[in-house]
Amino acid sequence: MSLQTLIDQAENITSADDIAGIKASITASGEWLESAFDNTPVDELVTGRAKFIDALLARIWQLMGLDAVSGLALCAVGGYGRGHLQPHSDIDLLIVSHKSLKQPAQEKISQFITLLWDIKLDVGQSVRTVKDTLSLAKEDITIATNLVESRLLTGDASVFETLWEKLNGRRALSSKEFFKAKYEEQLTRHAKFNGTSYNLEPNIKENPGCLRDIQSIGWVAKKHFKVSDGFDLVGHGYFAPEEHSELISCRMHLWRMRFALHLIAGRSENRLLFDYQPDVAEKLGYGRDGKASVEKMMRDFFRVIRRVSELNKMLLQRFRYDMLNQSVQNDVPVNADFHLLDGMISPTRSNVFDSPEAVLDFLNVIADTPDVKGLDTDTIRQLRNARRKFENQYYVEREACRGKLMDLFRHPHFFDFGWNIMHEYGILESYLPEWDKIVGMMQFDLFHAYTVDEHTHRVVKNVNRYFQPQNIEFPRCGRIVRNLDHPEIIYLAAVFHDIAKGRGGDHSELGAEDVATFALLHGIDARDADLVAWLVENHLLMSVVAQRRDIYDPEVISEFATAVRSHTHLNLLYVLTLADIRATNDNLWNDWKSSLLRELYLMTQKALDNGLQCQVTLDDRVKEHKHTARIILESQGIAEQDIKSLWSRMDDDYFVRFKPAQIAWHSQVILTAEKSELRDDANALVVKANDNSAKGGTEILIYGRDRKALFAQVASVLDSRNCSIHDAHITITRDGYVFDSILVLENDGSRLSGENRTLSLEKAILDQLEKPGRAHDNKRKLSRQLRQLDVPTKIRFFTLNEESTLIELEALDAPGILAKIGHAFVDRNVVLKLAKIATIGERAEDIFIVSNDAGKSLTPEQQTALKKQILFKLDQLEDINIS
């Protein structure tokens, strides 16, 4: 069926009462959209749906007698006003009249709108007089924007003509006011996406560089120039013809993606979620290869939106001067090629970027000129042209460019702003083929929020932040980097740390090879080259050890310190690790991760000072912690004899693991309980929560006679209350009491919200532990994103010594996972000593140290039985009964 046939059917509907017939016509139009998608230009589909809806609405208006009402018009506004409709886009209507309508007309309009709902059109409508419409348009920029693109569908043309004249008259919102409002609106919208286009689940309509940025250009141009076609901007001197063609091409690409997304989702959906990406990629012709197809689609998408962002900046900057009637206030010469126009760097001549070397010289000018606020339109245009002119050869192949790049990396101010320009305008991808390969590269997990290149850009900016005097959040990192003789080393490590992702091997090892080659080519000293290659190869080491190993085990510290080699390696690895984690996902960094890395850093530093005598380091720590904790307790009036009696039941490992303030709090809680509830009931349990004892989160202390499934019960309660366990230390005292210290955060990684929250958790845990026969119902379900991700379960066993076995678990971080694992331990008579919980996006990467019920390490047979039991528990879909 053709579009014209559909329009003819709509125009020939004989009765407004034929709901079934009208709905059949709408269904046929949807079928046409889907069937024509593969072989019809998307602009014909988008405008075609609008034409069909035009015909349908005009016919229904006529059949309901509304065309006989004088002074009444039906108008399309918003996107529909532009004559564009995606498959499931809303149909925005304005029913406008010269004056207030009488009752019969109001009733007819009400029947008209009700019918549109009955036939399942997604309509957004308003009914107003011309006067009311004008008044609201002055107060609300959204309404004003919708009206900029309004058009008459049917009805009294004189009403629409009056409205249009007054919308563009002297008393209406001026183009100056309109531009300022839309410019601020765009800035606010971009900020919601963290100022980047490179999100892994982008919104095709709202993301920076997406359709809304194109529409913003059109709205402002239509309001100011009263033009209906963007090509008119070429005549006004704002666009070169090829730039206008490029913008239209980008819009077509984004339209096609959005169209496919609507078809796949079956509704108005603008977020390209992980759920839809494989099907959308297949629909767009990228193939059926899953991640590989999605990656191709997204690389094209990210390159398109960069082009849109550039064109949007160029146009809006010119508009700002012309529409606000501004002239340049300050014209400051920089050199023969550039000057500053109100802080925006601008070329003094055409073709200023006549070679790749000139592009790098320009970055050096920016680094030398702290007053640069941004790039003006002519600079952006010439940079874009240069990128294309020299695209047949990477800049690194030119010897002169190599020296200029190293001058930039050694410049004390290049990374303040010049690095942003290098990243944003594709200069680094023009320089380095390895970087070119990671531009727009997807990362298929919930750990990373950005593409590989955007993540790396943010790592570099984090490193640069440490150099700044205003850096007060990370003073240790600041002291480290400001004492470097060659700061370019840490910047190069940041640039190369993920550069080899997606090549099918260990990206750390391949990246180390890449940076070694780079160093040789760029004349970097051999010692510095070895250091930066070591940093790239080991950039994950510190975070893995901190989050997945027992950092209070002397063997772990010894192994890590041996790998680190020196204070220089440790210092730079610490800086790089913090910068890397903080650039991965805005929600991942928290006090807990900070405290883990700080503890590992300080203990390794001490071990290096002691010549890798890690046991000496830990013995010193025991003495120091006992001494400080004793002072705190004695100040609280607790007797020395009571302190000695309690501490004699603890191993040295306890005093290594906990800070003096924690030890003092534990001791105070236990000694108080032993004089009250535990004295009255030897089987009672003490449950206390403290928001201040551990810097990384809320600590929950559980003390009393040991019992089966205790950890599983606690884990299930915390999970049901939307808390996540990040660390659990389970101690059995020498006289048979269990002493559990569990550190918890909210599921989003933030600290618990307040005293009421912690008291509620205390009560919930105690209620559960005091009623072990009661099942605890956990209703938390797997999230939408987690359902789309395939994380195979892996379980590995390592015998630490005669008394302990270490278990490494990787699995999908599903609700209730710790409770299930805890029950598997109980089922197989396994005693849990320590749990270290790490959630990396969708992946649970947990460490458990256990023994059998005889206090020995697990035998091979016991390991096999436990592995089967854990897999069985994790495969169960129903909720766990933790009785």
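The values are calculated or read from the model by the stated rules, or taken from the named source; none is laboratory data. These numbers come from a predicted model, not from an experiment. Ideal geometry is used to build each Cβ from the backbone, glycine not excepted, and the neighbour counts take in all protein chains shown.
Some notes on this structure:
- Considered as a group, the residues in the range 495-549 that are among the small types (Gly, Ala, Ser) and not in a helix (DSSP H, G or I) include one that is surrounded by the fewest Cβ atoms within 10 Å (Cβ to Cβ), and that residue is Gly504.
- Residue count for the range 740-754, restricted to those that are of a type in the set (D, E, K, R), under 24 Å from Tyr703 (Cβ atoms) and either surrounded by fewer than 21 Cβ atoms within 10 Å (Cβ to Cβ) or not assigned by TED's automatic domain parsing to the domain that holds Gly697 (or both): 1
- Residues being farther than 17 Å from Leu718 by Cβ, buried (at least 18 other Cβ atoms within 10 Å of the Cβ) and either in the same structural domain as Ile581 (by TED's automatic domain parsing) or touching a residue at least 60 places away in the same chain (Cβ under 8 Å) (or both) - total across the range 807-825: 2
- Selection status of Lys222, in the same structural domain as Arg306 (by TED's automatic domain parsing), out of contact with any Phe, Trp or Tyr (no Cβ under 7 Å at 6 or more places or on another chain), within 20 Å of Gly78 (Cβ to Cβ) and part of a helix (DSSP H, G or I): yes
- Restricting attention to the range 685-735, the residues that are in a loop (DSSP other than H, G, I, E, B) and small (Gly, Ala, Ser) total 5.
- Scanning the range 239-269 for residues that are crowded, with 22+ Cβ neighbours inside 10 Å and not in a helix (DSSP H, G or I) yields a single hit, Phe239.
- Number of residues in the range 330-370 that are more than 37 Å from the chain's Cα centre (by Cα) and among the charged types (D, E, K, R) equals 4.
- Checked across the range 542-562, the condition of being within 40 Å of the chain's Cα centre (by Cα), farther than 30 Å from Ile807 by Cβ and not acidic (Asp, Glu) holds for no residue.
- Tabulated pairs, the range 320-335, first more than 22 Å from Phe362 (Cα to Cα) and touching a residue at least 40 places away in the same chain (Cβ under 8 Å), second assigned to a loop (DSSP other than H, G, I, E, B) and polar (S, T, N, Q), C-beta under 8 angstrom, 6+ apart or interchain: Arg320/Gln326
- Lys313 falls short of the stated requirement of being in contact with a Gly (Cβ under 8 Å, 6 or more places away or on another chain) and assigned to a helix (DSSP H, G or I).
- Looking only at the range 140-195, and only at residues there that are of a type in the set (S, T, N, Q) and farther than 26 Å from Ile95 by Cα, the one that is nearest to the chain's Cα centre (by Cα): Asn194
- Restricting the range 766-794 to residues that are at pLDDT 55 or above and within 30 Å of Lys868 (Cβ to Cβ) leaves a set whose member that is surrounded by the most Cβ atoms within 10 Å (Cβ to Cβ) is Gln768.
- Restricting the first member to the range 857-883 and to residues that are under 14 Å from Pro815 (Cα atoms), and the second to residues that are of a type in the set (Lys, Arg) and at pLDDT below 90, the beta-carbon pairs closer than 6 Å and six or more apart or on different chains are Lys873/Lys820; Leu874/Lys820; Ile880/Lys820.
- Just one residue in the set Glu391, Glu357 is part of a helix (DSSP H, G or I) and among the acidic types (Asp, Glu); that residue is Glu357.
- Selected residue [surrounded by 15 or more Cβ atoms within 10 Å (Cβ to Cβ), polar (S, T, N, Q), out of contact with any helix residue (DSSP H, G or I) (no Cβ under 6 Å at 6 or more places or on another chain) and not assigned by TED's automatic domain parsing to the domain that holds Val545] from Gln668, Gln636: Gln668
- Residue among Asn585, Asn590, Asn571 that is surrounded by 15 or more Cβ atoms within 10 Å (Cβ to Cβ), touching a Gly at 6+ places or on another chain (Cβ under 7 Å) and closer than 30 Å to Val460 by Cβ: Asn590
Residues are listed down the side, and each one gets a yes or a no for (1) within 38 Å of the chain's Cα centre (by Cα); (2) modelled with pLDDT of 95 or more:
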position: Ser2; (1), (2): no, no
position: Ser15; (1), (2): no, no
position: Ala20; (1), (2): no, no
position: Thr47; (1), (2): yes, yes
position: Gly71; (1), (2): no, no
position: Leu74; (1), (2): no, yes
position: Leu85; (1), (2): yes, yes
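- Test for Val96: is it outside the structural domain of Arg212 (by TED's automatic domain parsing), of a type in the set (Val, Ile, Thr) and modelled with pLDDT under 95: no
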